[in-house]
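Peer 1: Take this structure, written in structure tokens, and hold onto it; I'll ask about it next.
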Amino acid sequence: MIYNILFLILVAGMPYYLILEKIPAIKSKHIFLLSAFALLSSMMLSFYIPNEHKTSLVIISLLNSVYTLYRATKTTNFYKLSYYFIFVNSPFFVLYEGETSLYSLSLLLSLSGLYLIGQFYEKNYGSANYRYITGITLVRPYIGSYLTLYLISVALYPPFPNSLFFLQYILGSESNPLWFAVVITLFFGNFFLSMGVMKRTLFGRPNPNIHYVHMTIKEKVPHILIIGMLLLFSLYGLKEILL
Amino acid sequence: MEQIILLIPGIPIFIAFLLLFINKKELIPKVSIMLSSMIALLGLYGTYYVISNDTQIIGFDGLLVYNELSAILVPYVAILGLVIRKYATKYMWDEEGYRRFFILLNFIFASIYLFVMSNNLIVLALAWQLLSISLYLLVSFNVGSNTAVKNAKWVMIIHKAADLVFIIAVILTYQTFGSFDLTILSEKWLAMSHQPVDNPMIFVIGLLFLIAAMMKSAIMPFHIWLPYTSEAPTPVSAVMHAGVVNVGGILLNKLAFLLLLAPAVLHIAFVVGLVTAIFASLIMLVVSDIKRSLGYSTAGQMGYMIMEIGLGAFSLAIYHLIVHGIFKATLFLESGVLIKLARHDSNLPKRLTYELFWEEKIKGKSKKLFKYLAFFTILPVVTFVGVKMILTDDFFELNASIIILAFAWLTGTQLFLSFFKVSKDESFKVLIALISSFVIILFTYEFIGLSLEHFIYGENAVLFYEAATFNITTIMSFIMLSAIMIVGWLFMYTQHFPKVFKTDKKQDNLQWSFYKLLAKEGYFFNIIKALQRKKNDL
């Protein structure tokens, strides 16, 4: 039981909302790093301490996920969005505790990409807020491509690994009402959030009041590496799910 | 050697990656077209191989197959893809994101090939989802337009829902039958069909697959994504109307043996298909926007396709989707030329019948004309019955044939109506044209339908008709057919003598309400807007 609660604290968002977001010294990018670290820790823990999940905890994490979805629709900040995505997926981590390490890793990879885009925005536009920086696809196609790939990946579309591992876990499990609730929430939750971000960043007319900045080669390299790793994960995922 | 054909789905992905590294704009379409020609050639070779050796090509551990269905569809999609790419070369030249367009186009074709050639439910599910996201990015290609992006949102929501329904159906299939392999599953389903099956889960699985197909094929009430996506570039419209919407029909053909076990699903397919065919075709006639009208036309045709599947005529649905695809792609791709010509000549577009026969409305009542009406409605039916009796002895044992017969009669009547405003002086010419066009339609439908049926399903084809039959007696079927004919006669009579039935005001109100229902596109968007308003008020 203690372990379950620990797991929930690590992956679900409520503690972060109640404590960390209230402290002015801790910024949203720190919360992402912390929550990503917590997710990795929970993955490691689940390897060493095998444990059965409690239905009540899955329900709590599901409620937390729905609340996070609500909060995520209100934000236009890449850093916040990155850790919101982790919390949205928390019921999945709790439900498939110990088995979702590959899904968690591929999710963290995609979210790292979003985090890096947030850093790029902060450096060039003053903050990681994307509210008025529209029409990226037209003016900065490379940044648009990276963002498109990360968001498609998080929205659970193949051939990206998130979708493949998600599919692999749900195909191999017994279905029940709670399972359906979790799967449907995550399937549509991740999708609607990603589509909302796409609409407000990639689409729309470019803002004439903003000087759109190109990425330097140095800035492109981490993105290319992340996409390369996602593709490698995809190949592994395809092998796992099909063969 | 023949295994190389199974690389077809990978070629467009390879092209897409290659395009990333091409800097010269002129080379983008050239590379795309050149390598896509390879797909067409491979597809044709595959078809030749399948026909000549009477075998299937299976590879990648049984994940992909080039079977009879692929042998028909892959060359069709490949040639369509070549034409669209060639058209897009100049059409998209001045658009922002030329390279992006060709990359996305290759991705959507890759997902269609993968879908057609998949022999495994997981591969099918992956292709199904790939198709959704590629379509979304293509429909919202004009990213600067708010309406394009807003309408693309509908595409995405309905397709994402279709993805979920499909995945749940796949999971339930695996839990019930223990395999993802379509060859194994089809054999199992066929064997099960020989004895009575009493498992409600099979009905649920069949229904879920049908709903997923309905969503992707814009069948009512999931049709709203299709008529509002016309802001997409013309080549995208062509891909959408000639390729993407057909996947519902292709899916149901792949799962044909499963539907043998769930005749109720076939009956549901028939009803929803029929409702969509009628309702969408009526809306098509009423909406004022020509592009939306084309969208509803496609939805109506998809209704026919699903209806044919509901009747057990699976191969006829394949024929229908190919013919409709070619027809609709031609319409979209020709629209630019027509607009250009119409700027110089206000009489365009001309009706073919006007060119063949000059227009001259027939005035007043004519007994001779009414005899003609009766003659032209009976003759097609008699011809059809005659031909069908020669072709198959047990034709009237299955109700499906009666409905196909009525459908053929409707086509004949429609032809007659389109030739209606012709000169009395040219009646012999009209008569010959009518009869010959009807016979051509009939024989094309019948011979190609039967040939396809034999090619794809062999002797098992008759099982589908048996499963889909409503178990109505032959006499009852003839009564229904007669009723359809009488309604048709009345319709034609009121068309020609409109004052006969205009008796009181009440009927006008009814007609007006019906017109409003169609003009408001079934009030679907009014309901959605009202719900959104309510949500905002809260």
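The values are calculated or read from the model by the stated rules, or taken from the named source; none is laboratory data. Remember, it's a predicted structure, so these values are computed and weren't measured experimentally. Every residue, glycine as well, gets a Cβ built from its backbone with ideal geometry; the counts of neighbours run over all protein chains shown.
Peer 1: Assess whether B:ALA262 counts as being at pLDDT below 85 and within 30 Å of B:ASP198 (Cα to Cα). Break it down stepwise before answering.
Peer 2: Details: at pLDDT below 85: no; within 30 Å of B:ASP198 (Cα to Cα): yes.
So B:ALA262 fails the test.
Peer 1: Another question about this same structure. When you scan the range A:36-74, how many residues do you find that are over 19 Å from A:LEU108 (Cβ atoms), among the polar types (S, T, N, Q) and in contact with a helix residue (DSSP H, G or I) (Cβ under 6 Å, 6 or more places away or on another chain)?
Peer 2: Summing the residues that are over 19 Å from A:LEU108 (Cβ atoms), among the polar types (S, T, N, Q) and in contact with a helix residue (DSSP H, G or I) (Cβ under 6 Å, 6 or more places away or on another chain) in the range A:36-74 gives 1.
Yes/no per residue for (1) touching a residue at least 40 places away in the same chain (Cβ under 8 Å); (2) under 30 Å from B:ILE157 (Cβ atoms); (3) more than 10 Å from chain B (Cβ to nearest Cβ):
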{"residue": "A:THR185", "(1), (2), (3)": "yes, yes, yes"}
{"residue": "A:ASN209", "(1), (2), (3)": "yes, no, yes"}
{"residue": "A:THR216", "(1), (2), (3)": "no, no, yes"}
{"residue": "A:SER234", "(1), (2), (3)": "yes, yes, yes"}
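Peer 1: I'm told B:LYS216 meets every condition in (1) touching a helix residue (DSSP H, G or I) at 6+ places or on another chain (Cβ under 9 Å); (2) charged (D, E, K, R); (3) over 20 Å from B:VAL275 (Cβ atoms) except one. Can you identify the failing condition by its number?
Peer 2: (3)
Peer 1: Are there any pairs with C-beta distances below 7 angstrom linking a residue in the range B:7-20 that is under 15 Å from B:GLY43 (Cβ atoms) to a residue that is crowded, with 22+ Cβ neighbours inside 10 Å and among the aliphatic types (A, V, I, L, M), with the two at least 6 apart or on different chains, and if so which?
Peer 2: B:ILE8/B:ILE39; B:ILE8/B:VAL74; B:ILE8/B:MET117; B:PRO9/B:ALA110; B:PRO9/B:LEU114; B:PRO9/B:MET117; B:ILE11/B:ILE39; B:PRO12/B:ALA110
Peer 1: Which one of B:ALA152, B:ALA148 is closer than 22 Å to A:SER153 by Cβ and within 13 Å of chain A (Cβ to nearest Cβ)? Full working, then the answer.
Peer 2: Details: B:ALA148 fails: closer than 22 Å to A:SER153 by Cβ.
Checking each option against the conditions leaves just B:ALA152.
Peer 1: Here is a list: B:ILE205, B:ILE171. Which entry is surrounded by 24 or more Cβ atoms within 10 Å (Cβ to Cβ), within 14 Å of chain A (Cβ to nearest Cβ) and farther than 30 Å from B:LYS328 by Cα?
Peer 2: It is B:ILE205.
Peer 1: A further question follows. Taking the conditions exactly as written (crowded, with 20+ Cβ neighbours inside 10 Å and over 16 Å from the mean Cα position of the chain (by Cα)), does A:TYR142 satisfy them or not? Give the derivation first.
Peer 2: Values: crowded, with 20+ Cβ neighbours inside 10 Å: no; over 16 Å from the mean Cα position of the chain (by Cα): yes.
No.
Peer 1: Could you please find all residues in the range B:174-192 being farther than 23 Å from A:SER173 by Cα and either out of contact with any helix residue (DSSP H, G or I) (no Cβ under 7 Å at 6 or more places or on another chain) or within 14 Å of chain A (Cβ to nearest Cβ) (or both)?
Peer 2: If the condition is that a residue be farther than 23 Å from A:SER173 by Cα and either out of contact with any helix residue (DSSP H, G or I) (no Cβ under 7 Å at 6 or more places or on another chain) or within 14 Å of chain A (Cβ to nearest Cβ) (or both), then B:THR183, B:GLU187, B:ALA191, B:MET192 are the ones that fit.
Peer 1: Next up: So which residues in the range A:135-149 are closer than 14 Å to A:LEU109 by Cβ and either part of a loop (DSSP other than H, G, I, E, B) or not hydrophobic (A, V, I, L, M, F, W, C) (or both)?
Peer 2: First pass over the range A:135-149, keeping only residues closer than 14 Å to A:LEU109 by Cβ: A:146, A:149.
Passing the criteria: only A:TYR146.
Peer 1: Taking the stated definitions as given, is A:SER175 among the small types (Gly, Ala, Ser) and crowded, with 24+ Cβ neighbours inside 10 Å? Talk me through it step by step, then tell me what you get.
Peer 2: On the way: among the small types (Gly, Ala, Ser): yes; crowded, with 24+ Cβ neighbours inside 10 Å: no.
So A:SER175 fails the test.
Peer 1: A further question on this structure: When residues of the range B:289-333 are filtered for being of a type in the set (D, E, K, R) and closer than 16 Å to B:LEU251 by Cβ, how many remain?
Peer 2: Step one: list which residues in the range B:289-333 are of a type in the set (D, E, K, R), which gives B:289, B:291-292, B:308, B:328.
When the remaining residues are screened for being closer than 16 Å to B:LEU251 by Cβ, the result is B:308.
Selection size over the range B:289-333: 1.
Peer 1: Here is a follow-up. Looking at (1) farther than 29 Å from A:ARG71 by Cβ; (2) surrounded by 15 or more Cβ atoms within 10 Å (Cβ to Cβ); (3) at pLDDT 90 or above, which is the only condition A:GLY228 fails?
Peer 2: Going through (1) farther than 29 Å from A:ARG71 by Cβ; (2) surrounded by 15 or more Cβ atoms within 10 Å (Cβ to Cβ); (3) at pLDDT 90 or above one by one, A:GLY228 breaks only (2).
Peer 1: Right, something else. Here are some conditions: (1) assigned to a helix (DSSP H, G or I); (2) at positive phi. B:ALA218 meets all but one. Which one does it not meet?
Peer 2: All conditions pass for B:ALA218, except number (1).
Peer 1: Which residue out of B:SER281, B:SER293, B:SER297, B:SER315 is on the phi < 0 side of the Ramachandran plot and crowded, with 24+ Cβ neighbours inside 10 Å? Quick ask: steps written out before the conclusion?
Peer 2: On the way: B:SER281 fails: crowded, with 24+ Cβ neighbours inside 10 Å; B:SER293 fails: crowded, with 24+ Cβ neighbours inside 10 Å; B:SER297 fails: crowded, with 24+ Cβ neighbours inside 10 Å.
Being on the phi < 0 side of the Ramachandran plot and crowded, with 24+ Cβ neighbours inside 10 Å holds for just one of B:SER281, B:SER293, B:SER297, B:SER315, which is B:SER315.
Peer 1: Touching a Gly at 6+ places or on another chain (Cβ under 8 Å), among the hydrophobic types (A, V, I, L, M, F, W, C) and facing chain A (nearest Cβ under 8 Å), is that true of B:VAL143? Give the derivation first.
Peer 2: On the way: touching a Gly at 6+ places or on another chain (Cβ under 8 Å): yes; among the hydrophobic types (A, V, I, L, M, F, W, C): yes; facing chain A (nearest Cβ under 8 Å): yes.
So B:VAL143 passes the test.
Peer 1: Exactly one of these conditions fails for A:THR185: (1) more than 14 Å from B:GLN129 (Cβ to Cβ); (2) buried (at least 20 other Cβ atoms within 10 Å of the Cβ). Give me its number.
Peer 2: If we test A:THR185 against (1) more than 14 Å from B:GLN129 (Cβ to Cβ); (2) buried (at least 20 other Cβ atoms within 10 Å of the Cβ), just (2) comes out false.
Okay, residues lined up against (1) aliphatic (A, V, I, L, M); (2) surrounded by 12 or more Cβ atoms within 10 Å (Cβ to Cβ):
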{"site": "B:GLN3", "(1), (2)": "no, yes"}
{"site": "B:PRO9", "(1), (2)": "no, yes"}
{"site": "B:PRO12", "(1), (2)": "no, yes"}
{"site": "B:LEU20", "(1), (2)": "yes, no"}
{"site": "B:VAL31", "(1), (2)": "yes, yes"}
{"site": "B:ALA40", "(1), (2)": "yes, yes"}
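Peer 1: Quick test for you: out of A:GLY204, A:GLY172, pick the one residue that is more than 17 Å from the chain's Cα centre (by Cα), more than 19 Å from A:SER82 (Cβ to Cβ) and free of Cβ contacts under 8 Å to residues at least 24 places away in the same chain. If you could, list the steps in order and put the result at the bottom.
Peer 2: Details: A:GLY204 fails: free of Cβ contacts under 8 Å to residues at least 24 places away in the same chain.
Testing whether each residue is more than 17 Å from the chain's Cα centre (by Cα), more than 19 Å from A:SER82 (Cβ to Cβ) and free of Cβ contacts under 8 Å to residues at least 24 places away in the same chain leaves just A:GLY172.
Peer 1: Looking at (1) facing chain B (nearest Cβ under 8 Å); (2) closer than 22 Å to B:THR173 by Cβ, find the lone condition where A:TRP179 falls short.
Peer 2: (1)
Peer 1: Which of the following residues is within 13 Å of another protein chain (Cβ to nearest Cβ) and at pLDDT 90 or above: A:LEU108, A:LEU147, A:LEU138, A:LEU114? Please lay out each step first, then the result.
Peer 2: Details: A:LEU108 fails: within 13 Å of another protein chain (Cβ to nearest Cβ); A:LEU138 fails: at pLDDT 90 or above; A:LEU114 fails: within 13 Å of another protein chain (Cβ to nearest Cβ).
Only one candidate passes the filter, namely A:LEU147.
Peer 1: Output the number of the condition that B:SER288 fails; it satisfies all remaining conditions of (1) in contact with a Ser or Thr (Cβ under 9 Å, 6 or more places away or on another chain); (2) not in a helix (DSSP H, G or I).
Peer 2: With respect to (1) in contact with a Ser or Thr (Cβ under 9 Å, 6 or more places away or on another chain); (2) not in a helix (DSSP H, G or I), B:SER288 is out only on (1).
Peer 1: Within the range A:150-168, track down each residue that is within 8 Å of chain B (Cβ to nearest Cβ), surrounded by fewer than 24 Cβ atoms within 10 Å (Cβ to Cβ) and outside any loop (DSSP other than H, G, I, E, B).
Peer 2: Residues satisfying the conditions are A:ILE152, A:LEU167.
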